[in-house]
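> Sharing a structure, written as structure tokens. Questions coming.
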Amino acid sequence: MKINIVMVEPEIPQNTGNIARTCAAIGAKLHLVYPLGFLVDDKYLKRAGLDYWDKLEIEEHNSLEKFLEKYNPEDNNMFFASTKSTKCYSDVDYSNMNEVYILFGKETKGLPEDLLKKYIDKDIRIPMKNGLRSLNLSNSVAIIVYEVLRQIDFKGLEETSDYLTK
């Protein structure tokens, strides 16, 4: 399965760096949708991503509209992560999909509400206590993407280590 993590207008370089590191570790493609709240050569972005940048597939998009034109939600398995959704991310059966796109919005506002309303049947959320705004963005990406991987038995990833037996 091909996994695409789509960051729509991310604002905090450390979050995007952490997400880039996660994408590199699992072989997911990272999509960055402009405008960004930082420069792509930001030292905090680079530091959070460590030395994984050359192991990462990144595609940049000038706007959300341009991304949606190129990767039409009706033609792709696209899911929209939001605290406003009613469907839990783990209720989706990702196991029969060849490719999946998971969109995450900016840290301060999330994804645009009109987009969430248009694709309400593709909205997903992470359960949490009532009255709290949201989890950290990079943590949210990791939680959801590892559920996708769990459903496909972590295919293509190393599940064990022989480190302690050496």
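The values are calculated or read from the model by the stated rules, or taken from the named source; none is laboratory data. Note that this is a predicted model, so its numbers are computed, not measured. For neighbour counting, all protein chains shown are included, and Cβ atoms are generated from backbone atoms with ideal geometry for every residue, glycine included.
> Filter region 53-82 down to residues that are crowded, with 16+ Cβ neighbours inside 10 Å, hydroxyl-bearing (Ser, Thr, Tyr) and farther than 17 Å from Asn139 by Cα, then give me how many there are.
Final tally of qualifying residues: 1.
> Let me confirm something: among Ile124, Ile143, Ile58, which residue is within 21 Å of Asn15 (Cα to Cα), part of a helix (DSSP H, G or I) and not small (Gly, Ala, Ser)?
Ile143
> Assuming Ser85 fulfils every condition listed in (1) surrounded by 10 or more Cβ atoms within 10 Å (Cβ to Cβ); (2) without any contact (Cβ under 8 Å) to a residue 40 or more places away in the chain apart from one, which condition is it?
The one condition Ser85 does not meet is (2).
> Quick check, is Ser134 within 17 Å of the chain's Cα centre (by Cα), closer than 22 Å to Asn18 by Cα and at pLDDT below 95?
yes
> Which of the residues spanning region 127-141 are surrounded by fewer than 19 Cβ atoms within 10 Å (Cβ to Cβ) and in contact (Cβ under 8 Å) with a residue 60 or more places away in the chain?
Selection gives Asn136 alone.
> Taking into account only those residues within region 40-55 that are assigned to a loop (DSSP other than H, G, I, E, B) and closer than 13 Å to Asn15 by Cα, which is modelled with the highest pLDDT?
Val40
> Hey, among the residues in region 92-126 that are in contact (Cβ under 8 Å) with a residue 40 or more places away in the chain and of a type in the set (S, T, N, Q), which one's nearest to Val141 (Cα to Cα)?
Taking the candidates together, the pick is Thr108.
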